[in-house]
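Trainee: I'd like to ask you about the structure that follows.
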Amino acid sequence: MIKLENVTKVYRVGKAEIRALDRVDLAIDDGEMIVITGPSGAGKTTLMNILGCLDVPTSGRYLLDGADVSQLSERRLAKIRSRKIGFVFQSPNLVARTSAIRNVELPLIYAGVHARGPAQQAWEQVGLGDQQKHLPPELSVGQRHQVAIARALINDPVLLLAEEPTGELDTTSSAEIMTFLRGLTDARRTVVVTTHRRDVVQFAMRVMRMRDGRIVSDQKQPAGPAVRQQPKTLNG
C-alpha cells in the first residue's frame, strides 16, 4: 500500500537547513493501523504531509498503491488526495454556519459533485443519528469529531490519515474514536495516526516512534482489551 524509500525532506529558512525527515524507509500494508509517536519536532507532521500528498520529498521515493508520487505535479497530487486519501485533524475545522450533514458533503461540493448519497452513507457509518441539521456549535466536542470523520470517509479513501484525532477529547470519547478507526481496517483501509497520548497506542497494530526525523522503533502488537471489548461503530 505504502512504501517510502530513503525519503528525506529538507526545509531552508534563510541560510539554515532543517532536515525534517532523514532517510526514512517505511512499508505499510493494506488494512494496517499504525500509530506514530514521538516528541514535537520529531518529523511526524512532515511524514504525514508526504503520506497525504500535501508535500513531496526532497529526495527518495514515495510509492502509493504501486505508483511513485514523489515527483508528481500539484494537479496530479490533488487528484490522488481527492480520490484515495481522507484526513482527520486534531481540530474538526467545521464550517460553523453550515449544517452538520453539509459539512460532510463539502469535499464533494468542492469537487463539483452534488450527491447526498455518499454523505448519507458516511453519516450512517459514524452513527450520528438525527443530528444532520444541527450546526457545529450545537454539537458536543465528540460529535464534531464524528462529523469530521464522516467528512474524511465520504470519498471512501483507501488511506486515512489522522493527526492527533483525539487531542481534544476525554478518555472515553478518545477510546470510542480510536476503536472506530481501528474497525475501518476491516475493509482493507489503511489508517495512520499520530499522537502524544499514551492511551491511544493500545489501538494500534504497529507502533512507530520518531525522533530527529527518523523512525527509531517500529513494533507490531496484538489487539489489547480495549480493542476486543469495544463496539466497532461509533455510538454502539
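Read-outs: derived from the displayed coordinates by stated rules, not from any lab. Computed from a predicted structure; not experimentally measured. Here the Cβ is made from the backbone with ideal geometry for all residues, glycine too, and neighbour counts use every protein chain on show.
Trainee: Charges at C-beta only: +1 for Lys and Arg, -1 for Asp and Glu. How large is the resulting dipole of the chain about its Cα centre, in Debye rounded to 20?
Mentor: Dipole magnitude for the chain comes out near 420 debye.
Trainee: Could you pull out every one of the lysines with an alpha carbon less than 21 Å from that of K44, ignoring same-chain neighbours closer than 8 positions?
Mentor: Excluding near neighbours in sequence, the set is K3, K9, K84, K220.
Trainee: A follow-up question, please. How far apart, in nanometres, would the label points at L135 and L63 be if each is projected 7 angstrom from Cα along the Cα-to-Cβ direction?
Mentor: Label at L135, label at L63, 5.0 nm between them.
Trainee: Given H placed 1.01 Å from N in the peptide plane, which residues other than close sequence neighbours of Q90 have an amide H under 5 Å from its amide H?
Mentor: E163
Trainee: Given a 10 angstrom Cα cut-off, can you work out which residue in I149, I177, I18 is the most mobile in a GNM of the chain?
Mentor: In the Gaussian network model the winner is I18.
Trainee: Loop-only trypsin sites (Lys or Arg not before Pro) in region 48-121, please: DSSP not H, G, I, E or B, and at most 13 other Cβ atoms within 10 Å.
Mentor: On the way: sites: R61, R75, R76, K79, R81, R83, K84, R97, R102, R116; in loops: R97.
Those that pass, being in a loop and sparsely packed, are R97.
Trainee: Search the structure for amide H atoms under 5 Å from the amide H of M210, placed 1.01 Å from N in the peptide plane, and list their residues when 5 or more places away or on another chain.
Mentor: Amide H neighbours of M210, under 5 Å, 5+ apart: T37, G38, V216.
Trainee: Of all the C-alpha pairs in region 2-229, what % are more than 26 Å from each other?
Mentor: In whole percent, the share of Cα-Cα pairs in region 2-229 beyond 26 Å is 37.
Trainee: Suppose a student asked you for the relative contact order of the chain, using Cα pairs under 8 Å spaced at least 6 residues apart; what percent would you report?
Mentor: Across the chain, relative contact order equals 27 percent.
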